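What follows draws every value from the coordinates through simple rules; no lab data is involved. It should be emphasised that the depicted structure is a prediction, and the values quoted were computed from it without experimental measurement. Note: ideal-geometry Cβ built from the backbone for every residue, glycine included; neighbour counts use all protein chains shown.
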Amino acid sequence: MKTTTLGIQHLLAMYAGAILVPLIVGDALSLTSEQLTYLVAIDILMCGIATILQVMKNRFFGIGLPVVLGCTFTAVGPMIAIGGKYGISSIYGAILVSGIFVIVISKYFGKLVRFFPPVVTGIVVTTIGITLIPVAINNMGGGEGAADFGSITNISLAFGTLAFIVILYRFSTGFMRSIAILIGLLGGTIVAGLMGKLNFASVQEAGIVHMIEPLYFGTPTFHWTPILTMILVAMVSLVESTGVYFALGDMTETELKPKDLTRGYRAEGLAILFGGIFNAFPYTAYSQNVGLMQMTGVKSRKVILTTGIMLIILGFVPKIAALTTIIPTSVLGGAMVAMFGMVIAQGIKMLSKVISASPENAMIVACSIGMGLGVTVVPEIFAKLPDSIQILTSNGIVAGSVTAIVLNILFNMVPGKKNTYTEEPLVEQEV
């Protein structure tokens, strides 16, 4: 019973992130209520499978630590951009390739990570967070194109939800603080129900159980720009996960060796690959569950395995997934401001030390974020360049990331004038 209770705590801690990603992406891609229900359900199920892949330990995959995997918010902006320009089939083609890429490089990622120091990953995370804010603001108004966009009702629900989350975060501690977003969504939805703003049709139409369906959204298609974008997202996620691995290794007094990291990376690659096959999402280690372990003092793999099994069971019950789809767009928008703001805050946190340590890094940040946001706001600026070059310039996240990687090599890796900046070890920067 104790193991089950602790497993439920971990499920609740990661549940808001698990349902928000499909809700945001599905809404942006104008999916039907039936498609959105499936997307939420398959994502919950795949979170469970991805977690079990990582908790298990064999000679091929699984780091064998109490790691919870969930869909990464780093992928939200890229997936919306790819779906808007190339279609949903291209999203899953890119995810499939990125999963295979991670599996292939898992043995060598320790050597590649030097190209993704905090100055680069911080730029990628910050740019993605900033480019997501317009999505949140549109949803606060009721959703782009909504007949009642910007109405007093929508604005009140959005800001009421955001205020509730902020107050809860300010005056709560521990586990309650870790699920503030989830409670905020629940509170906002209840108020919307009292105002007559809920539509339960999708819940009534959803079945009690369903079977998962590979390639639910059709045959994947493959385009270079989406593929490159999702590979960059995967690389950043691996860097973030590495920090989680070392944090958990320290907490459980486990010495991590290169072969352990390789199995961990390979498990994430498999999770991403399965996400592409079953039309879910890329997956990464969730740091919020590490915080919960620190709070409870329980670091058992058995507890996390129980969480994974619960997620899989929930994923086969579309009625539960459908309940999340009734959340009004304006309520979702209020929560998204907090969630995406936290993404930006995480990026700024990663950049704060490196900027103050080196003027060269300040220049890298300035040029890269400027390029990323510039291309996002004025995408047609490079429209006349050859297609082979537009692979790197047609997407703001790719443009900013590539700029950051190149400038980091130029300023911090090419021999020359001695740099006063010394890169912090990966373990310290993430923990």
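Below are the figures for this structure:
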read-out: Contour minus Cα-Cα distance for residue 380 and residue 209 (0.36 nm per residue); value: 57.0 nm
read-out: Calculated [θ] (222 nm, deg cm²/dmol) that DSSP helices of n ≥ 4 give over the chain, each run adding -39,500 (n - 2.57); value: -23000 deg cm²/dmol
read-out: Given charges at Cβ of Lys, Arg, Asp, Glu: segment 2-415 dipole, positive-most of 106, 220, 95; value: 106
read-out: Point-to-point label distance, residue 216-residue 176, nm (Cα→Cβ direction, 7 Å offset); value: 3.5
read-out: Residue-span extension gain [residue 166 to residue 295] - 0.36 nm each, minus C-alpha spacing; value: 44.3 nm
read-out: Dipole moment magnitude, nearest 20 debye, the chain about Cα centre, only Lys, Arg, Asp, Glu C-beta charged; value: 940
read-out: Phi-based couplings in Hz for segment 339-347 (Karplus 6.51, -1.76, 1.60; Gly and Pro marked x); value: 5, 6, x, 5, 4, 4, 4, 5, x
read-out: Net charge of Cβ neighbours under 15 Å - reference residue 132; Lys, Arg +1; Asp, Glu -1; value: -2
read-out: Using a Förster distance of 60 Å, the FRET efficiency for residue 34-residue 356 (Cβ separation, nearest 0.05); value: 0.75
read-out: Extension gain from residue 85 to residue 153, taking 0.36 nm per residue of separation minus the Cα-Cα distance; value: 21.3 nm
read-out: Computed over segment 237-395, the ratio Rg/Rh where both radii use C-alpha atoms and Rh is Kirkwood; value: 1.02
read-out: Whole-number Å³ per residue for the convex hull built on Cα positions in the chain; value: 148
read-out: Separation in nanometres of the label points that stand 7 Å from Cα toward Cβ, at residue 58 and residue 409; value: 3.8
read-out: For the chain, built as a Gaussian network whose Cα springs stay under 10 Å, the top-fluctuating residue of 168, 185, 261; value: 168
read-out: Packing-based ranking, highest mean first, of 172-178, 43-49 given that Cβ atoms within 10 Å are counted; value: 43-49, 172-178
read-out: The chain: relative contact order in percent, alpha carbon pairs under 8 Å with at least 6 residues between; value: 33
read-out: Segment 329-365 and segment 11-62: distance between their alpha carbon centers, rounded to Å; value: 24
read-out: FRET E, pair residue 259, residue 309, Förster distance 30 Å, beta-carbon r, rounded to 0.05; value: 0.65
